[in-house]
Amino acid sequence: YTIFKALNIPYQTLVDLQRAKNNADFFWLRPKNTITFTYENDVLISIEKTHSVETKLKYTLANQTITQFNTYPDIETRIVFSQGIVSDSLYYAGLNNGLNDNLIMNLIQIFSWDIDFNQDIRKGDQFRLIYEQKYSDGVFLKNGRILVAQYINKGRSFQAILFSKHNDSIGYYSFDGSPLKKSFLRSPITFSRISSRFTLGRYHPILHKMRAHRGVDYAASRGTPIKTVGNGRVYRKIYSRGFGRYIIIKHANGISTLYAHMSSFRRGLKKGQKVKQGDIIG
């Protein structure tokens, strides 16, 4: 609206754009997105938005439709190999070996069912991966999918290979054909530190006596996304003196998980709502 107003474009044009089919991506704006307005004889005929490095979205005023097209018609995919050893943190080890934020996060996501990257990472861990890079006329555009990956954690090797069956279902599998995706993630938070572990005998900081601590406390900065570790339904979403803001998710086979001490709930999340593994809940 601010952009339209600055360019003296009628408000009705914005309303028509909002009513066009498949407009969600058009209105999903991020810093440095480019929007191009094309005029013919001083009449606005189209609005174009850079959707990604490779694609653009074009809204044509004449028929009020949105179409997507490739920015670079000829895209070359190159296969790249990278490896590294963790000396400080996996994040810095990845950066030092040519990986960017997205690739590091994808690597973590691939192995998040088997490795808790908050508790399990050790100095000397190793990673290897083969991934795609997209080029056009020799110009690097972006990194693509991770095709094969290995992470060696505390001497134990975890492997993953990307497999697609008739382009229908796609996922990562170990070399023996077992799917990496399991019922529960190892951690609800990607990056944090453990402030208190699960134990049957912990000195309570308020009650000043030994009590069981039947959970794991993750210390992270305010605003860190919290994900449900498995598919389920929101059973409770409430505030209490002991837990602060907390949510209970009921899963299959009578299993429940509780997420406490949250700074906020995800907007729109309601009691009874279904959630999928990895959905942000707070």
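The values are calculated or read from the model by the stated rules, or taken from the named source; none is laboratory data. Model, not experiment: these values are computed from the prediction. Positions of Cβ are generated from backbone atoms using ideal geometry, with glycine treated the same way; all protein chains shown enter the neighbour counts. SASA here: full protein model, heavy atoms, side chains in, ligands and nucleic acids out. Shrake-Rupley method; radii C 1.70, N 1.55, O 1.52, S 1.80 Å.
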Only sites in a loop by DSSP and with at most 14 other Cβ atoms within 10 Å count here; which trypsin sites (Lys or Arg not before Pro) in segment 229-282 make the cut? 241, 267, 270, 271, 276
Rank 53, 229 by accessible area, highest first, at a 1.4 Å probe radius? 53, 229
Residue-ordered couplings for segment 274-282, obtained by feeding phi - 60° into the Karplus form 6.51 cos²θ - 1.76 cosθ + 1.60 and rounding to whole Hz (Gly and Pro as x), are 6, 10, 9, 3, x, 5, 6, 10, x
Go through 255, 174, 240 and say which Cα lies farthest out towards the positive end of the charge dipole of the chain; charges sit on Cβ, +1 for Lys and Arg, -1 for Asp and Glu. 240
With loop defined by DSSP as not H, G, I, E or B, and exposure as at most 12 other Cβ atoms within 10 Å, which is the longest segment of the chain clear of exposed chymotrypsin sites (Phe, Trp or Tyr not before Pro)? 29-174
With 10 Å bins from 0: P(r) over the chain, alpha-carbon pairs, percent: 5, 20, 24, 25, 17, 7, 2, 0, 0
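If you put +1 on each Lys and Arg Cβ and -1 on each Asp and Glu Cβ, how big is the dipole of the chain around its Cα centre, in Debye rounded to 20?
Values: 41 positive and 20 negative charges, 424 e Å.
So the dipole magnitude of the chain works out to roughly 2040 debye.
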Here are some pairs, 154/182; 32/227; 181/250; 237/276; 56/142; 237/274; which of them have Cα atoms lying more than 23 Å apart in this structure? 32/227
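Roll a 1.4 Å probe over the protein chains and send me the accessible area per residue for segment 1-67 in Å².
Computed with neighbouring chains in place, this is 71 Å² per residue.
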For the chain, set up a Gaussian network in which alpha carbons nearer than 10 Å are linked by springs, and say which option among 255, 238, 226 fluctuates the most. 255
At 7 Å along Cα-to-Cβ for each site, give me the label-to-label distance between residue 87 and residue 101 in nm. 2.5 nm
The FRET efficiency for residue 109 and residue 74, from their Cβ-Cβ distance with R0 = 35 Å and rounded to 0.05, is 0.70
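Using DSSP to define loop residues, name the trypsin sites (Lys or Arg not before Pro) in segment 115-160 whose beta-carbon has at most 16 other beta-carbon atoms within 10 Å. Don't skip to the answer; put the middle values down first.
Numbers: sites: 122, 123, 128, 134, 142, 145, 154, 156; in loops: 122, 123, 154.
Answer by residue number: 122, 123, 154.
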Divide the volume of the convex hull of the Cα atoms of segment 78-123 by its number of residues and quote the answer in cubic angstrom per residue. 81 Å³
Of the heavy-atom accessible surface of segment 55-109 (probe 1.4 angstrom), what whole percent is carbon and sulfur? 46 percent
With n ≥ 4 as the cut-off for DSSP H runs, can you work out [θ] at 222 nm for the chain, using -39500 (n - 2.57) per run divided by the number of residues, rounded to the nearest 500? -3000 deg cm²/dmol
